[in-house]
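First the structure, in the form of structure tokens, and then the observations on it.
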Amino acid sequence: MRSDTYSPHLDGDRDWRDTATRFALVPLRIFLGVTFIYAGLDKLTDSAFMKDAGAGSIGETMRGVRDSSAIPAMVDLALENPVAFGYAIALGELAVGIGTLLGLLTRLAALGGALISLSLWLTVSWASDPYYYGNDLPYLMAWIPLVLAGAPLLSVDSALRARRRQRVGSY
């Protein structure tokens, strides 16, 4: 059983495990990026969601979870202007999803995704019993590897890093 994460081969001879290790975060980036883009677009295009009151509205959702959330003051803050809060969440999800999918400022995008997931866990899905029925906590945990590692492959970040290395190497 191998426990190393980087290839011991200096000549570039890699086996499938080395390749799998290098690409391990790519499926997670694709899943989280597409999911957050979809979530943001879904909120922006849902005529019922971006309203202060009514079935399916952000305002009604926030009022419904206020008393069962871990931090009711956070919900109260959102309830001061639920529509603006709904737009902030939707646009934040879009920015996070696009950044993650493209691998652009990946660690920052992942931190944003983790904060969105944390805030949703502490408010909307806090009352889930048992806790693992709430979907926001697994999303929060899924963001952590991307916060720590970024997007080392197939990303704008890695292309920019390689370009900087070339420039520094040519001096």
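The values are calculated or read from the model by the stated rules, or taken from the named source; none is laboratory data. Everything numeric in this text was worked out from a predicted model, so none of it was measured. Side chains are part of the model used for accessible areas, which takes the heavy atoms of the whole protein and leaves out ligands, DNA and RNA. Shrake-Rupley method; radii C 1.70, N 1.55, O 1.52, S 1.80 Å.
Any idea of the accessible area per residue across the range 73-119, 1.4 Å probe, to the nearest Å²? Working shown, then result.
Numbers: 2170 Å² over 47 residues.
In whole numbers, the range 73-119 has 46 Å² accessible per residue.
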Requested in this report: Using only the C-alpha atoms of the range 76-167, find the volume of their convex hull and express it per residue in Å³.
Outcome: 99
Query raised in the report: Tell me, what is the percent relative contact order of the range 1-140, built from C-alpha pairs under 8 Å that lie six or more residues apart?
Result: 23
Query - GNM top mover of Leu77, Leu104, Leu118 - the chain, alpha-carbon springs below 10 Å - result: Leu77
Query raised in the report: Short version: ³J(HN,Hα) in whole Hz for each residue of the range 15-24, in order, from phi by Karplus 6.51 cos²θ - 1.76 cosθ + 1.60 (θ = phi - 60°), x for Gly and Pro, what are they?
Result: 9, 5, 5, 5, 5, 4, 5, 5, 9, 4
Query raised in the report: Relative to the longest principal Cα axis of the chain, at what angle does helix 25-45 sit, 0 to 90 degrees, rounded to 10?
Result: 30
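Return the calculated 222 nm mean residue ellipticity for the chain, to the nearest 500 deg cm²/dmol, obtained by summing -39500 (n - 2.57) across DSSP H runs with n ≥ 4 and dividing by the residue count.
On the way: 8 runs with 111 residues, N = 171.
So the calculated ellipticity at 222 nm is -21000 deg cm²/dmol.
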Report summary line: Read-out semi-axes √(5λ) of the Cα gyration tensor in Å, candidates (i) 35, 16, 14; (ii) 36, 20, 16; (iii) 38, 19, 12; calculated match is (iii)
Requested in this report: Would you give the gap between the C-alpha center of the range 127-171 and the C-alpha center of the range 62-78, rounded to a whole Å?
Outcome: 29
Query raised in the report: Hey, what do the phi angles of the range 52-65 turn into as Karplus ³J(HN,Hα) couplings, whole Hz, using 6.51/-1.76/1.60 and θ = phi - 60°, x for Gly and Pro?
Result: 6, 8, x, 4, x, 7, 4, x, 5, 4, 5, 5, x, 9
Query raised in the report: Can you list residues whose amide H is under 5 Å from Leu153's amide H, if they're 5+ apart or on another chain and H is modeled 1.01 Å from N?
Result: none
Query raised in the report: Across the range 141-150, in residue order, what do the Karplus-derived ³J(HN,Hα) couplings come to in whole Hz, using 6.51 cos²θ - 1.76 cosθ + 1.60 with θ = phi - 60° and x for Gly and Pro?
Result: 5, 5, 6, 4, x, 6, 5, 6, 9, x
